[in-house]
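Participant: If you scroll down you'll find the structure; I have some questions about it.
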Amino acid sequence: MINKSQEPVPYAEGRRRARPSPLPHLLTINCGSSSVKFAVFRLGGNIEPLLRGKVTDIGKARGHSSARSADGASLWHIKTSCGDHGSAVQHILDQLENHAELWKISLVGHRVVHGGPDFVSPVELDPKIEADLERLTALAPLHLPANLAGIDTVRRTRPQATQFACFDTAFHAFMPENAARTGLPHNMEGGVIRRYGFHGLSYESALDRLVRRAGQDALKERIVIAHLGAGASMVAVHCGRSIDTSMGFSPLSGLPMATRSGDIDPGLILYLLTEEGWTPDELADLLNNRSGLLGQSGKSGDAQILVASNAGKSAEEAIAFFCYQARRHFGALVAAMGGIDRLVFTGGIGEHSPEIRYQICKPLEKCFGTIIDPKKNEANKPLLSSKDAPVAVEISPADEELMIARHVAELVGTRQNRKATS
């Protein structure tokens with residue numbers, strides 16, 4: 001799934017004859033739980049970024065929308081109020097009418113959080129596939145409705161565009177059997193019920209950067225990638241393959257997150273249901289929206305706010321809990337590979353929080369060799385460890401949009417090659 005050797009073939013279909021364009025434009029849409037990131041690329045022999053942007057605080061009275069061109073110039077930075085992801089995507093399309101040659105956008109690629117057991121690689125969307133994805137919404141109720149709303153909005157407002165889905169679960173689709181099993185009776189597994197893993201596009205991005213920087217042989221290493229953000233998970237990678245990951249059946253499991261609980265004893269869930277009289281809806285709200293850093297601190301789910309010097313004791317305790325859980329999962333993933341050669345931090349927290357990286361790495365120095373230079377850490381340098389350290393500790397900015405663009409370019413190139421040879 002990473003470091004594809006084939007160069008994408010320029011896509012030449014569907015041009016408006018009145019406005020000839022030598023290369024197609026691709027819009028990528030990345031719907032998160034309360035935001036949408038987007039980018040526009042020009043496809044061809046190389047994938048050229050043209051602009052990037054995001055819409056934040058979806059569902060709140062005051063949100064923001066911004067975009068910058070590839071050279072860093074601000075295209076817009078405005079307040080907006082988008083009630084849901086569909087209206088946020090519509091807002092993006094409206095803004096692009098003023099700031100991009102939207103008529104050239106013939107391709108749209110979406111990040112889709114969950115592909116279930118069947119979608120293990122990127123696909124071109126059609127009504128049947130969209131209906132199949134609708135049936136999977138119970139597996140990722142916070143994310144899939146947002147992903148599908150973005151797809152629906154584009155289909156209604158840009159019906160001539162060809163849409164594609166790139167799945168976060170696909171990276172983990174071929175984990176070893178023991179990592180994919182749940183512990184339930186064997187005859188219950190093999191269909192929808194299994195451990196999936198998430199943040200696959202982010203992990204692909206980190207590995208892609210590693211290969212471009214250190215060469216293909218770097219994939220032979222035993223690597224842990226820590227995607228730490230509002231959603232957080234870790235993965236063990238060996239020979240470019242997902243060996244195990246902290247998230248499982250749903251994006252709710254694993255590390256504690258901004259508002260999600262992470263791993264929790266199923267006996268506690270049963271207790272709340274049977275003894276405390278909680279309803280499934282109340283439990284879902286508790287686990288998804290009122291737990292994690294927000295629940296532990298009683299203040300915020302935003303790690304940047306909680307690590308501030310004046311955040312208070314409850315904030316300190318919430319961050320300490322998060323880092324402790326991250327160390328536990330890290331140790332388990334290292335054990336799954338029988339050792340570690342490289343630790344890569346990515347995601348908003350992983351890239352920008354020296355305090356959290358320090359709290360994760362420092363207690364593990366003697367056990368695992370995760371020795372980081374304090375000055376490099378404070379400066380957010382790409383390499384946090386010394387060159388001769390037993391474990392290379394790095395920061396790798398996540399670029400899920402570029403990975404979507406590469407997947408779509410490959411699918412389009414494959415389709416064109418088939419037409420040329422048929």
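The values are calculated or read from the model by the stated rules, or taken from the named source; none is laboratory data. Since the structure is predicted, the reported quantities are computational estimates derived from the model, not experimental observations. Positions of Cβ are generated from backbone atoms using ideal geometry, with glycine treated the same way; all protein chains shown enter the neighbour counts. Only protein heavy atoms, including side chains, enter the accessible area calculation; ligands, DNA and RNA are left aside. Shrake-Rupley method; radii C 1.70, N 1.55, O 1.52, S 1.80 Å.
Participant: Taking K and R as +1 and D and E as -1, what net charge do the other residues with C-beta under 9 Å from the C-beta of Leu228 add up to?
Facilitator: It works out to a net charge of 0.
Participant: Hey, if you drop one equal point scatterer on each alpha-carbon of segment 46-159 and run the Debye formula without solvent, what base-10 log of I(q)/I(0) do you get at q = 0.09, 0.20, 0.21 Å⁻¹?
Facilitator: -0.28, -1.20, -1.26
Participant: Counting Lys and Arg as +1 and Asp and Glu as -1, what is the net charge of the other residues whose Cβ lies under 15 Å from the Cβ of Arg357? Intermediate values should be presented prior to the final figure.
Facilitator: Values: positive: Arg327, Arg342, Lys362, Lys375, Lys376, Lys381; negative: Glu351, Glu355, Glu365, Asp373, Glu378, Glu394.
Summing Lys and Arg as +1 and Asp and Glu as -1 gives 0.
Participant: Also: Could you report segment 237-388's accessible area per residue, 1.4 Å probe, as an integer in Å²?
Facilitator: Using a 1.4 Å probe on heavy atoms only, each residue of segment 237-388 averages 50 Å².
Participant: Mind ranking 80-86, 109-115 by how tightly packed they are, going by the mean number of other C-beta atoms within 10 angstrom, highest first?
Facilitator: 109-115, 80-86
Participant: I want the local charge near Phe119. Using Cβ-Cβ distances under 14 Å, sum +1 for each Lys or Arg and -1 for each Asp or Glu among the other residues.
Facilitator: Taking every Cβ under 14 Å from that of Phe119, the sum is -3.
Participant: Looking only at the chain, where both bridge partners belong to it, what percent of the DSSP beta bridges are antiparallel (to the nearest 5)?
Facilitator: 65
Participant: Further question: In deg cm²/dmol, rounded to 500, what helix-only [θ] at 222 nm does the chain give when every DSSP H run of at least 4 residues adds -39500 (n - 2.57) and the total is split over its residues?
Facilitator: Only helices count here, giving -11000 deg cm²/dmol.
Participant: Once you put a point 7 Å from the Cα of Lys362 and another 7 Å from the Cα of Lys299, both along the Cβ direction, what distance in nm separates them?
Facilitator: Between Lys362 and Lys299, the simple spin-label model gives 1.8 nm.
Participant: Keeping the other protein chains in place, figure out the carbon and sulfur percent of the accessible area of the chain, with a 1.4 Å probe.
Facilitator: So the carbon and sulfur contribution to the accessible surface is 52 percent.
Participant: Under 10 Å, Cα contacts only: if you run a Gaussian network model on the chain, which one of Arg260, Arg62, Arg52 comes out with the highest mean-square fluctuation?
Facilitator: Per the Cα network of the chain with a 10 Å cutoff, Arg62 tops the list.
Participant: Hey, with R₀ at 25 Å, roughly what FRET efficiency would Asp263 and Lys128 work out to, going by the Cβ-Cβ distance, to 0.05?
Facilitator: Result of the calculation: an efficiency of 0.10.
Participant: On to the next question. When the Cα centres of segment 153-222 and segment 254-306 are compared, how far apart do they sit, in Å?
Facilitator: About 25 Å separates the Cα centre of segment 153-222 from the one of segment 254-306.
Participant: Which option, [x] 32.9, 101; [y] 21.5, 69; [z] 24.0, 88, is the value of Rg and Dmax of the Cα atoms in Å that was calculated from these coordinates?
Facilitator: [y]
Participant: How much length is gained on full extension from Lys79 to Ser386, taking 0.36 nm per residue of separation minus their Cα-Cα distance?
Facilitator: The Lys79-Ser386 span can extend by a further 106.2 nm.
Participant: I'd like to check one number: the per residue accessible area of segment 89-209, probe 1.4 Å, reported in Å² as a whole number. Display every interim value, and only then the final one.
Facilitator: On the way: 4790 Å² over 121 residues.
It amounts to 40 Å² per residue over segment 89-209.
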